[in-house]
Each structure stands twice: as structure tokens, then as C-alpha cells.
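Undergrad: Dumping the structure here so I can ask a few things about it.
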Amino acid sequence: METRHLTCINCPMGCQLTVTLDGTDVVSVTGNSCKRGEIYGRSEVTNPTRTVTSTARVSNGEIPVVSVKTSQAIPKGMIADCIAKIKELEITAPVHAGDKLVENFCPGIDIIATRNVSRKTQP
């Protein structure tokens, strides 16, 4: 049996979880104060994922960057690839919150804008 100690990141409580494994099978999760903690503990030791947030360059926009994120959590092993893809982006304004900037970065997961950026106004 293997034991892993984690801090749950699903809510501000930050429960201290103890996850017991038998090989790759989760035997128990303790220390959680809600069901989400148990789900997080099981997922974190078997298939950890994260939502990636960053900024992408905007050309001809009133501001030079737009905040972006993955539409869902992606496997932790793909975070570096996601950041590299975002660094390659240069979006032409206008940009609207919810715009898909990269479709299907991972199957069914897009990189989307999370705010509006207007086109520069001419002086």
C-alpha cells in the first residue's frame, strides 16, 4: 500500500487529503470535508489535470494582450505544449470573451479568450 498526502484545491478550505493506493487503484480518500475533495483526490493521483490560464498577443487592439484559458482542464503533461501554443498566437482585434482561439487543442478542449479587446480607435 502507498499513501499520498495532498492539499485539495477545489475550494478555499484546502482540506488535507490522504489517498491510499494499492498499485494504481485508489483504496480510500480521507480528510475531505465534501464529496468534491474525494473526487479531486482520486483524480489527482490517477490522472492529474489543470485548467491553463495565460495571455496571448493582440494586434491592432486597444490593449496588447488578451487573457485566455483552456475550456476544460487538460492533462498536466500537456501544460508545456499548451503554453507554447499560446505563445505562438497573435490575434487580430476585436476579440470577444468566449472566442475560440485554438479549436481542439486537446480532443474537445479549446483555448478561448476570457475578455473583450476592442480594435484601436484611429486618432
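Undergrad: Once you measure Cβ to Cβ distances between cysteines in the chain, which Cys have no partner under 4.7 Å?
TA: Lone cysteines by the Cβ rule: Cys11, Cys34, Cys82, Cys106.
Undergrad: How much length is gained on full extension from Thr121 to Asn47, taking 0.36 nm per residue of separation minus their Cα-Cα distance?
TA: Stretched fully, the Thr121-Asn47 segment lengthens by 22.0 nm.
Undergrad: Given the convex hull over the Cα atoms of segment 28-83, what projected area results after averaging over all orientations, in nm²?
TA: 5.5 nm²
Undergrad: With an 8 Å Cα cut-off and a minimum separation of 6 or more residues, compute the relative contact order for segment 28-98 in percent. Don't jump to the answer; show the numbers that get you there.
TA: Values: 77 pairs, mean separation 22.4, N = 71.
Once divided by the residue count of segment 28-98, the mean separation gives 32 percent.
Undergrad: So the label point goes 7 Å from the Cα of Thr55 along Cα→C-beta, right? Which residues of segment 98-118 then have their backbone N under 20 Å from it?
TA: Of the residues in segment 98-118, 98-102, 111-118 have backbone N under 20 Å from the label point off Thr55.
Undergrad: Find the percent of Cα-Cα distances in segment 2-47 that exceed 17 Å, and round it to a whole number.
TA: Value for segment 2-47: 19 percent of Cα pairs lie more than 17 Å apart.
Undergrad: In whole Å, what are the extents of segment 53-113 along the principal axes defined by its C-alpha atoms, from largest to smallest?
TA: Taking the Cα atoms of segment 53-113, the three principal extents are 34, 19, 13 Å.
Undergrad: Would you calculate a helix-derived [θ] at 222 nm for the chain, using -39,500 (n - 2.57) for each DSSP H run of n ≥ 4 and dividing by the full residue count, to the nearest 500?
TA: Value at 222 nm, helices only: -5500 deg cm²/dmol.
Rule-based calculations on the coordinates, nothing more; no lab input. None of the values given here were measured: they were computed from a predicted structure. All Cβ positions, even for glycine, are placed from backbone atoms using ideal geometry, and neighbour counts span all protein chains on display.
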